[in-house]
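*Asks:* Dropping a structure here in structure tokens format, bear with me for questions.
The values are calculated or read from the model by the stated rules, or taken from the named source; none is laboratory data. Treat the numbers as computed from the prediction; the structure is a model and nothing was measured. Note that each Cβ is placed from the backbone with ideal geometry, even for glycine, and that neighbours are counted across all protein chains shown. Areas reflect the complete protein model, heavy atoms only, side chains present, ligands, DNA and RNA absent. Shrake-Rupley method; radii C 1.70, N 1.55, O 1.52, S 1.80 Å.
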Amino acid sequence: MLNSAIGRFRVSGFIEGASLLILLFIAMPLKYMVGVPEAVTVVGSLHGLFFVVYVFVIGYTTLKIRWNIKWAAGALAAAFIPFGNLVLDRYIKRSFPAQ
């Protein structure tokens, strides 16, 4: 899966999306319900790193396979929506089956 640009994009999207979900549904409740602000500090920092890597991978994939700007914009928008990367991954698998 990591031997193609689409495969690397899908993996980075999964990691970025999972870190967003962990931040929203685990770390933030720990901060506000249990009083553990360190959870958001740690997970938020990791999510920020994964987001930056994801943006670079979007750029790499766009240049490598000559993605339409709509794909790049959609991939970026999916990063801000919980479960967005999972939905995008379904479209990616359908649109680029051989890669």
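*Asks:* Within the stretch 1-47, what whole-number % of the accessible surface is contributed by carbon and sulfur, with the 1.4 Å probe and all protein chains included in the calculation?
*Replies:* Values: 2040 of 2720 Å².
Answer for the stretch 1-47: carbon and sulfur cover 75 percent of the accessible area.
*Asks:* Using only Cα atoms, find the angle between the long axis of helix 69-78 and the longest principal axis of the chain, and express it within 0 to 90 degrees, rounded to the nearest 10.
*Replies:* Taking Cα atoms only, the helix is inclined about 20 degrees.
*Asks:* Measure off 7 Å from each Cα along the Cα-to-Cβ vector at Leu49 and Lys70, then give the distance between these two points in nanometres to one decimal.
*Replies:* 3.6
*Asks:* Please compute the per residue accessible area over the chain with all protein chains in place, 1.4 Å probe, rounded to a whole number of Å². Write down the numbers at each step before the final one.
*Replies:* On the way: 6350 Å² over 99 residues.
That works out to 64 Å² for each residue.
*Asks:* Helix-derived [θ] at 222 nm for the chain: sum -39500 (n - 2.57) over DSSP H runs of at least 4, divide by residue count, nearest 500? Display every interim value, and only then the final one.
*Replies:* On the way: 4 runs with 68 residues, N = 99.
That calculation yields -23000 deg cm²/dmol at 222 nm.
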